[in-house]
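Asks: Below is the structure I would like to discuss, written out as structure tokens.
The values are calculated or read from the model by the stated rules, or taken from the named source; none is laboratory data. Bear in mind the structure is a predicted one, so any value in this text is a computation, not a measurement. Glycine gets a Cβ as well: all are built from the backbone with ideal geometry, and neighbour counts include every protein chain shown.
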Amino acid sequence: MTIAENLQHIKTSLPETVTLVAVSKTKPISDLTQAYEAGQRVFGENKIQEMADKWEQMPKDIQWHMIGHVQTNKVKYMAPFVSLIHGVDSLKLLQEINKQATKYNRVIDCLLQLHIAEEETKFGLDEKELNELITAPEFAAMQNIQILGVMGMATFTDNQEQIKKEFKHLKSIFDHLKSKNPANSNLTTISMGMSGDYQLAIDCGSTMVRIGSSIFGGR
Ligand SMILES: *Cc1c(COP(=O)(O)O)cnc(C)c1O
């Protein structure tokens, strides 16, 4: 199947309310161009330098999402153009995003990454840290960031019940967050689900899926 066919196939299976982020990390410009020509406008990358290189080479109506872990000292390279940063997991990082966004006179949209998996290795906030972040005075003072919602990754397992439990947990964290009506936020987005588990994620309330290998093939 071609990239265009894969995209078509996935799109027909998604509810209209769910945004598809085409995860193009490690893939060449020629692959991204095929997806672009098939109508895809939202791309996800996990390395800032690679995303900046691709942004320079690709048409300018693409929305670039940073889905990987973000190092504070690299925020400046994506601040001029990034559309949504999925992996925000500290006040310090958010402050740097705010600072760089201010330089470009922009408001940068962000998702707060929650740790929902069992594995120790995955990044993200727990619920206590989330609460501390959104209630910090420094958080309310920022004027160039906006929180659109949450992002999470389930445990890497075949156990569907476990994945479902983790996705439902993220949805409940989102609902709770929304009920608190935090500053600097417009809570619309739950980014969860990848090639192997996006159907399940949608059943659990996902509004944004990040799909790579099912579109572009293995890496
Ligand atoms: C690579 C990646 C994806 C896409 O994974 P696939 O299994 O190829 O769909 C989604 N989210 C994050 C954070 C990733 O790093």
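Asks: Within region 195-218, is there a residue that is within 14 Å of the ligand (Cβ to nearest atom), of a type in the set (A, V, I, L, M, F, W, C) and assigned to a loop (DSSP other than H, G, I, E, B)?
Replies: No, region 195-218 contains no residue that is within 14 Å of the ligand (Cβ to nearest atom), of a type in the set (A, V, I, L, M, F, W, C) and assigned to a loop (DSSP other than H, G, I, E, B).
Asks: Would you confirm whether or not region 155-163 contains a residue that is in contact (Cβ under 8 Å) with a residue 24 or more places away in the chain and charged (D, E, K, R)?
Replies: Within region 155-163, none of the residues are in contact (Cβ under 8 Å) with a residue 24 or more places away in the chain and charged (D, E, K, R).
Asks: Let me ask something additional. Does PHE139 qualify as being of a type outside the set (Ser, Thr, Tyr), under 23 Å from VAL70 (Cα atoms) and within 16 Å of the ligand (Cβ to nearest atom)?
Replies: In short, no.
Asks: Would you be able to say whether some residue in region 47-58 is within 13 Å of the ligand (Cβ to nearest atom), more than 15 Å from the chain's Cα centre (by Cα) and touching a residue at least 24 places away in the same chain (Cβ under 8 Å)?
Replies: yes
Asks: Among all residue pairs at least 6 apart or on different chains, which show Cβ distances below 7 Å where the first residue, located in region 208-219, is of a type outside the set (A, V, I, L, M) and the second is surrounded by 13 or more Cβ atoms within 10 Å (Cβ to Cβ) and in a helix (DSSP H, G or I)?
Replies: Every condition considered, the pairs that remain are SER214/ASN6; SER214/ILE10; PHE216/ILE3; PHE216/ASP31; ARG219/SER213.
Asks: Here's a follow-up. Within region 47-71, count every residue that is assigned to a loop (DSSP other than H, G, I, E, B) and more than 22 Å from VAL88 (Cα to Cα).
Replies: Summing the residues that are assigned to a loop (DSSP other than H, G, I, E, B) and more than 22 Å from VAL88 (Cα to Cα) in region 47-71 gives 4.
Asks: Inspect all residues belonging to region 89-110 and state whether any of them is within 13 Å of the ligand (Cβ to nearest atom) and either modelled with pLDDT under 95 or assigned to a loop (DSSP other than H, G, I, E, B) (or both).
Replies: Yes - at least one qualifying residue is present in region 89-110.
Asks: Kindly indicate whether SER185 is of a type in the set (Ser, Thr, Tyr), crowded, with 16+ Cβ neighbours inside 10 Å and within 12 Å of the ligand (Cβ to nearest atom).
Replies: For SER185, the condition - of a type in the set (Ser, Thr, Tyr), crowded, with 16+ Cβ neighbours inside 10 Å and within 12 Å of the ligand (Cβ to nearest atom) - is not met.
Asks: Shifting gears a bit: Give the number of residues within region 1-28 that are outside any helix (DSSP H, G or I) and either within 13 Å of ILE211 (Cβ to Cβ) or more than 11 Å from the ligand (Cβ to nearest atom) (or both).
Replies: 16
Asks: Looking at ASN98, is it buried (at least 20 other Cβ atoms within 10 Å of the Cβ) and over 24 Å from GLN143 (Cα atoms)?
Replies: The answer is no for ASN98.
Asks: OK, next. Taking region 124-181, which residues are β-branched (Val, Ile, Thr), surrounded by 14 or more Cβ atoms within 10 Å (Cβ to Cβ) and either modelled with pLDDT of 95 or more or part of a helix (DSSP H, G or I) (or both)?
Replies: Hits for region 124-181 are ILE134, ILE145, ILE147, VAL150, ILE163, ILE173.
Asks: Looking only at region 29-43, count how many residues are assigned to a loop (DSSP other than H, G, I, E, B) and farther than 25 Å from GLY205 by Cβ.
Replies: Total satisfying the criteria: 2.
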